[in-house]
Every structure is written in structure tokens, then in C-alpha cells.
Amino acid sequence: MAEGIDNTVLIGAAVALVVLAGLVYVYAHHLARQRASSDERQMVKLRRKRFADYEDARREYEKLRKKIETGNTVLIDLIHDLGDDFVGRDSAQQQIAFDEALQAVAAIRQANARAKVVVVLHTLGGYARPAHMIAQALRQHLEKTKGHHNPKREPRVIAHIPYIAMSGGTMIALAADKVCMNKTASLGPIDTIYGGFPTDAYNALIEQKGVLATQDVLVMLAHEARKYDQYAVKVAREIVNPVHRKPGKPEHYLADYLSSGELSHSQAISVKEARELGMNVASKVDETINGLVDARIRMINTRLEYETGQHDDPRGDRRDGGGQGSAGGGDGGDIAEQVIERAIRHSLRGLVRL
């Protein structure tokens, strides 16, 4: 009898296990179908976004701006057109310039002392002085309540970099309490470009050829470039937030290293490398910020506006004196003279690039 009971129990347990396995299979299949359906809906939504027209992208951008800039929060977004053939699409900037800097500085200056400033960067850099102005405005905002907030626990200026913020963009990010970067995002050195070349290039040329064998104008440009480098290092030391400091290194290690010219000007600095340099970096950007930048990029890419009389590259590569070279195919000497002439004019106007 005991043996019969044992067999019944075993059979019952086996049936229960089969039923349970069947339920688990059905449930797992149901979850898999739900996930597949959800993934498909997500991809359809993504495709619609990718191929949305300008107005759809603009509405998405405005909606996300309002979502970010709520309460006591100021949003500064420097999202540029990074296309190689710049033609003023959507009237977007391609670089950090004075008009955009003046608006940003005014917004930061007018914010109250307790305001949180969210800086969104998508840029390859631009002119040095406008970038300095924005970075200095951020540092001055933090000075309003100096000693009354912990920059690591309660950052009041946060720079977000979904994709890229090189040169002047990196300088602005360094002024923030915290930098948020996606894992594929990058920063860059903050050394200056004078007349199209770094100071080291002038120094190397003069050292190789000698002062007497080098054009007078290049020697003078080298002299000015060295002076501007000294100024740039001074500014970098002033604007780098103390929270970005590597233990065991001198106080200005980060500012001096990034502005020293030791790195190639276009060299990318990853999240990992930024941390190794002592920066206070988080390896994730909020999805709302990602969406804002993506919507702005779609606006730029879905609307093409040719500005009147502005078909040349507004970076200065072809304006200030027309096309480069002669009608007969271009003469190297003429091109060099135009580059030098343009460098002199830009230096006089303070248009030194980062």
C-alpha cells in the first residue's frame, strides 16, 4: 500500500512538473512575442523619427527644450551643424561664435544664484574668445554661492555631451561641476590655432629654417601666437573647475596638459581617458538630452537654406578675399599669401580659433 501511494505521488509530481513546464513555456513564448512586438513598434517609431520632416523635428526639439528648462533651470544648447559642406542649413551655427556666445552669457548672467545650468554641447569648437566668454560666465555663476554647494553631490552646472565637444566645446565643459558623456562621445585638447596652424608649427618652422630664412610676416605671426598661447593657458587655468583634479597632480595639471599642444588638435579624448585625467565624468547622458540633440540634428539635416550671398564657407576659408588661387588653376604662392593675409586680419579682430 505504501508502495502504491509512493507511485501515485510520483506520477502526480511528474504531471505537475509537465504542467508547470508547459505554463513556463507558454509564458516565455508570450513574453518573447511581447518583446518582439515592442521592439518592432520601437523601430517603427525610430524610422519615423529618422525620416521626419523639419516641422516634426522642430516640434520634438521644442517639446524637449521645455521639458529640460523647467523650474529654476537654465538650458544652454550649443548644437552645431557639423556637415562638411556648410551652407547655412536651418541657419545653424557651425562653430562657437560671438552672437551665440553673447546670448548664452546673458542667459547665465541673468540666472539667480541657485539656478541650475544645463549645458548641451555638440560642437567641434570655434573662435577662442566666445568659448572663453561662455566658460567664464559658467565659472562666475558658480562663484555666486561659492562654498554653499558640493559640486560632486549637488552639481549646479552640468555639461552634457551625447556625441562630441572638441576644442572650445571642451573648454566650456571643463567649467562645469560635472560632465556627462555617452560611452562613444569625445572631448579634445584646448590648444589654440593661430592663422590656421598651432603655435608649435610656427616654432618648428623657424627652428628648422632659421629666423633670417623665414618670411618676416611668419616670424611676426609666431611672435603673436606665442603671446596668445600664454593668454590661453592663463584663461584655461581660470576656467577649469577645481572638481576636475587628479589626485597627486599639480593644481593646474589638467589645464596645462590640454592647452600645451602635446596632443594633436583633433585628437579625441574618451570617457575613460577623461577620467584618467581627473575629470568628474559620468558615462551616460540623460535620454531627454540625447533626444534634444537628435531632434536638432534632424532639423539641420531636413532643411536646407541658402543664405543670400553666403555660398562660401563662413569659417573664413574662402571669404575675406574671394577664392584661393588664380583662374589658371591656382598658384601656391598666391594661396600662401592669402592665408597669411587672412591670418593677420583674423588676429587683429581677435578671431583666434580653438
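The values are calculated or read from the model by the stated rules, or taken from the named source; none is laboratory data. Keep in mind it's a predicted model, so treat the numbers as computed, not measured. All Cβ positions, glycine included, derive from the backbone under ideal geometry; neighbour counts span all protein chains shown. For the accessible areas, the whole protein counts, side chains as well, though only heavy atoms, and no ligand, DNA or RNA atoms are used. Shrake-Rupley method; radii C 1.70, N 1.55, O 1.52, S 1.80 Å.
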| task | Tell me which residues, restricted to the stretch 119-152, are free of Cβ contacts under 8 Å to residues at least 12 places away in the same chain and more than 27 Å from GLN230 (Cα to Cα). | result | LYS146, GLY147, HIS148, HIS149, ASN150
| remark: Checked the stretch 269-293 for anything closer than 30 Å to SER91 by Cβ and either modelled with pLDDT under 95 or among the β-branched types (Val, Ile, Thr) (or both); matches are VAL285, THR288, ILE289, VAL293
| field | Identity of the residue in the stretch 166-184, closer than 16 Å to LYS152 by Cα and out of contact with any helix residue (DSSP H, G or I) (no Cβ under 6 Å at 6 or more places or on another chain), that ends up surrounded by the fewest Cβ atoms within 10 Å (Cβ to Cβ) | value | LYS178
| field | Qualifying position, being more than 24 Å from the chain's Cα centre (by Cα), of a type in the set (Phe, Trp, Tyr) and either at pLDDT below 95 or surrounded by fewer than 16 Cβ atoms within 10 Å (Cβ to Cβ) (or both), among TYR231, TYR306 | value | TYR306
| Is it the case that the stretch 35-56 has a residue that's open to solvent by less than 50 Å² (accessible area, probe 1.4 Å), of a type in the set (D, E, K, R) and either within 30 Å of ARG303 (Cα to Cα) or at pLDDT 85 or above (or both)? | no
| Scan of the stretch 109-139 for residues that are more than 23 Å from ASP286 (Cα to Cα), part of a strand (DSSP E or B) and open to solvent by 10 Å² or more (accessible area, probe 1.4 Å), ordered by number | TYR127
| note | When (1) among the hydrophobic types (A, V, I, L, M, F, W, C); (2) modelled with pLDDT of 90 or more; (3) open to solvent by less than 20 Å² (accessible area, probe 1.4 Å) are applied to VAL105, the one that fails is (3)
| remark: From the option list THR170, THR199, single residue qualifying as farther than 30 Å from ALA111 by Cα, in contact with a Gly (Cβ under 9 Å, 6 or more places away or on another chain), hydroxyl-bearing (Ser, Thr, Tyr) and in contact (Cβ under 8 Å) with a residue 60 or more places away in the chain is THR199
